[in-house]
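A.B. asks: Sharing a structure here in structure tokens format.
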Amino acid sequence: MKALNTFWFFMIILFVIFITVYISQATGYYDYQQHRQVELTNEKIKQFEEDVKEGKVINVKNYLDDSAKTYHNGISKLGLRFSKTVSASAKKGLNKVFKFLEVLLKD
């Protein structure tokens, strides 16, 4: 009975995630984010053109938007190590299972 409740709990969570993603797509949230990025780029182009007209020293770093977020921290590194360990263990386990099955099938 508990497994059935757990199953339905995860199904409800997946459904909520699906509805959230669907609504964000339907309301144009992604398109709005892309539009904001284009506007930022257009502003930087205008700033560059003005600086060229005024004869200012041009440095490319002044016109690039370096807003890339990094999510590297202790928890993400730990998660990555855990994921790699689980993957390696699963691979070794599956290789052993297939070798065992191969031995059984040869006999």
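Values in this text are rule-based calculations from the coordinates and carry no lab data. Because the structure is predicted, anything quoted here is derived from the model rather than measured. Neighbour counts are summed over all protein chains in view; Cβ atoms, including those assigned to glycine, are modelled from backbone coordinates with ideal geometry.
A.B. asks: Give me log10 I(q)/I(0) at q = 0.11, 0.21, 0.23, 0.24 Å⁻¹ for the chain, Debye formula, one equal scatterer per alpha-carbon, no solvent.
C.D. replies: -0.82, -1.10, -1.12, -1.14
A.B. asks: So what's the back-of-envelope 222 nm ellipticity for the chain, counting only DSSP H runs of four-plus at -39500 (n - 2.57) apiece and dividing by all residues, rounded to 500?
C.D. replies: Working: 3 runs with 84 residues, N = 107.
Helices in the chain give a 222 nm mean residue ellipticity of -28000 deg cm²/dmol.
A.B. asks: May I pose another question? List the trypsin sites (Lys or Arg not before Pro) within segment 71-107 that fall in a DSSP loop (any state other than H, G, I, E or B) and whose Cβ has at most 14 other Cβ atoms within 10 Å. Write out the running numbers ahead of the final one.
C.D. replies: Working: sites: 77, 81, 84, 91, 92, 96, 99, 106; in loops: none.
Hits after loop and neighbour filter: nothing returned.
A.B. asks: Shifting gears a bit: Residue by residue through segment 26-34, what is 3J(HN,Hα) from phi via Karplus (6.51 cos²θ - 1.76 cosθ + 1.60, θ = phi - 60°)? Round to whole Hz and write x for glycine and proline.
C.D. replies: 5, 7, x, 4, 4, 4, 5, 5, 5
A.B. asks: Can you list the trypsin sites (Lys or Arg not before Pro) in segment 1-68 that are in a DSSP coil and have 13 or fewer other beta carbons within 10 angstrom? Can you show the working numbers first?
C.D. replies: On the way: sites: 2, 36, 44, 46, 53, 56, 61; in loops: 56.
Here the trypsin sites (Lys or Arg not before Pro) that fit, given the DSSP loop and packing criteria, are 56.
A.B. asks: What lysines could a cross-link reach from residue 96, if we take a straight Cα to Cα line under 23 Å and drop same-chain neighbours fewer than 8 places away?
C.D. replies: Straight-distance partners of residue 96: 84, 106.
A.B. asks: With r as the distance between the Cβ atoms of residue 35 and residue 86 and R0 = 41 Å, compute the FRET efficiency 1/(1 + (r/R0)^6) and round to 0.05. Don't jump to the answer; show the numbers that get you there.
C.D. replies: Numbers: r = 40 Å, r/R0 = 0.98.
Plugging the Cβ-Cβ distance into 1/(1 + (r/R0)^6) gives 0.55.
A.B. asks: Then there's this: Got a sec to turn the phi values of segment 92-103 into Karplus ³J(HN,Hα) couplings, 6.51 cos²θ - 1.76 cosθ + 1.60 with θ = phi - 60°, whole Hz, x for Gly and Pro?
C.D. replies: Going residue by residue, I get 4, x, 5, 4, 5, 4, 5, 5, 5, 5, 4, 4 Hz, with x marking Gly and Pro.
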